[in-house]
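Read the structure below first, then the notes.
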Amino acid sequence: MAIIGSIEYFKEIGDIKFEGKESKNPLAYKYYRPNEMVLGKKMNEHLKFAVAYWHSFGNTGNDPFGVGTKVFPWNHQSDPIQRAKDKMDAAFEFISKLGLEYFCFHDFDLIDEGNTLSASEHHLQSIIAYGQQKLKGTPIKVLWGTANLFSHPRYMNGAATNPDFKVVAYASAQVKNAIDTTIALEGEHYVFWGGREGYVSLLNTKMKKEIEHLAQFLHNAKDYARSQGFKGHFFIEPKPAEPSKHQYDYDAATVIGFLNQYGLADDFKINIEVNHATLAGHTFQHELQVAADANMLGSIDANRGDYQNGWDTDQFPTNLGEVVEAMLVIVQNGGIQGGGVNFDAKTRRNSTDLADLFYAHIGGIDTFARALLITEKVMTHTDFKKIVDHRYSSFDAGKGKAFKEGILDLLALHQIAHTQGEFKPTSGKQELLENIINDCI
Ligand code: XUL
Ligand code: CO
């Protein structure tokens, strides 16, 4: 049964149920069945879906060329505290009608920022108290919280990496409050996305100093959260640019190097966002693999970009082929560590019906669920894994194994090359693997 506040915001829409792939009902799941066992785990354990508060309940469709197009009925009250409560009622109704368990938020998605730090703290206290009541007795939980350290003009030169200490101190206070809010709402994890932690021009930037400040800032945040009993992971969400020209958390490999260099690797993992991966010139799968190989694949922000343009369009994920390749990486690497699949995606500016929010999430959820089922088939009913393993089998025994173990030096390898004679190159079999995947779709 849906959780409905004093007003029902999505009146026309009931609980979204699984009806199977033959169903013609656009408000039903065709593939997502939370309790279905797939590869030894329930579907909702593989895929902890989360709704993003900012896009779903805050983004009215404005862009650099025009004001918002969407009228949200939870936005009508002038009192910011009442408006925040209405928004939370709408969020809980929406999440529960979708049958999901998680949401993610920035501090000032939950409630407007105040005119002063104290006013902001008062706002947060009010919505925490309301949120604690709402969470009680529901299956709904917070996947992760974060602080918006990029919208306010004070952050135009960055937050943790701002050249002015006063801003760094203010950002620290904001992160302390956002951590407190996450803990009070029993959030599982905490995210850092550094939209303005980078530079606009290198001419006025001391990069080394800024990156060292970022590391110190993250140490402080982590130490504070741990001192308050927070047991979750901290995630860094890489993105190469936008809004900064260059962002320090460029991609997964850059972030892994940074975390290792500054002693943060034990507490931090990575939140991979699809459209950030493609902006960095990588595929989503590539970024997942890099994070997984470092044992740092913590969470996912699910969306997709547009192949014809170079900005963050944050569309809902519907490209089945791309998501299957991603699920193959995730499943073969033992899953996502602790986090989930947060729909950091927005409906288009001209998708102005409240029902569009449902269609968007249902589509994204079913795309991931279907990709998981296809992955199961690829892994259990085909030679996919065998073919890839065979490609590396020369290292499983004999001289290949000895090389891997460091037993053969360069002279020994020189000798082997002389004595092994002519050999036939081994096919990579890419087309066969692509066909195997398509056969399972
Ligand atoms: C921006 C982005 C953010 C983070 C959280 O591109 O992805 O919404 O996910 O700050
Ligand atoms: Co994101």
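Around residue 299, under 10 Å between beta carbons, what's the net of Lys plus Arg minus Asp minus Glu among the other residues?
Numbers: positive: 48, 269; negative: 188, 237, 273, 301.
In short, -2.
Using a/c under 1.5 as the rounded threshold, could you call the range 109-150 rounded, prolate or oblate? The axes a ≥ b ≥ c are square roots of the C-alpha gyration tensor eigenvalues, and prolate needs a/b larger than b/c, oblate otherwise.
Because a/c hits 1.5 or more and a/b fails to exceed b/c, the range 109-150 counts as oblate.
Could you tell me which chymotrypsin sites (Phe, Trp or Tyr not before Pro) in the range 261-320 are loop residues by DSSP with no more than 13 other beta carbons within 10 angstrom of their beta carbon?
Here the chymotrypsin sites (Phe, Trp or Tyr not before Pro) that fit, given the DSSP loop and packing criteria, are 307, 311.
Using the Kyte-Doolittle scale, which helices in the chain average at least 1.0 and also have C-alpha atoms spread 15 Å or more along the helix axis, with helices defined as whole DSSP H runs?
The answer, listed by residue number, is 320-332.
Would you mind classifying the range 392-440 by shape? Square roots of the alpha carbon gyration tensor eigenvalues, ordered a ≥ b ≥ c; an a/c under 1.5 is rounded, otherwise it is prolate if a/b is larger than b/c and oblate if not.
The shape class here is prolate.
To make sure I understand the rule: partners must be aspartates and glutamates, Cα under 19 Å from the Cα of residue 206, and not fewer than 8 residues away in the same chain. Which ones qualify?
164, 197, 249
What does the helix-only formula give at 222 nm for the chain: each DSSP H stretch with n ≥ 4 adding -39500 (n - 2.57), the total divided by the residues, and the result rounded to the nearest 500 deg cm²/dmol?
Value at 222 nm, helices only: -13500 deg cm²/dmol.
Using θ = phi - 60° and the Karplus form 6.51 cos²θ - 1.76 cosθ + 1.60, what ³J(HN,Hα) does each residue of the range 29-42 get, whole Hz, x for Gly and Pro?
So the Karplus estimates, Gly and Pro as x, are 7, 9, 10, 7, 10, x, 8, 5, 7, 9, 6, x, 9, 5 Hz.
Would you work out if the chain is rounded, prolate or oblate? Take a ≥ b ≥ c from the square roots of the eigenvalues of the alpha-carbon gyration tensor; rounded if a/c is under 1.5, else prolate when a/b is larger than b/c, oblate otherwise.
Oblate shape, in that a/c is at least 1.5 and b/c is the bigger or equal ratio.
Taking amide hydrogens as modeled 1.01 Å from N in the peptide plane, which residues meet the under 5 Å criterion relative to residue 269, leaving out close sequence neighbours?
Here the answer is 234, 235, 236, since their amide H atoms fall under 5 Å of that of residue 269.
Give, as a single signed number, the net charge of other residues whose beta carbon lies under 15 Å from the beta carbon of residue 229, with Lys and Arg counted +1 and Asp and Glu -1.
-1
Under 23 Å from the Cα of residue 24, which lysines turn up, not counting those fewer than eight places away in the same chain?
Within the straight-line cut-off, residue 24 pairs with 11, 97.
Of 48/176; 346/429; 42/346; 41/141; 231/404; 377/404, which ones are farther than 30 Å apart at the Cα?
346/429; 231/404; 377/404
Can you give me the long-range amide H partners of residue 102? Hydrogens built in the peptide plane at 1.01 Å from N, cutoff under 5 Å, separation of 5 or more residues or another chain.
Result for residue 102 returns 51, 141.
Read-outs: derived from the displayed coordinates by stated rules, not from any lab. Bear in mind the structure is a predicted one, so any value in this text is a computation, not a measurement. Glycine also receives a Cβ, built like all others from the backbone with ideal geometry; neighbour counts cover every protein chain displayed.
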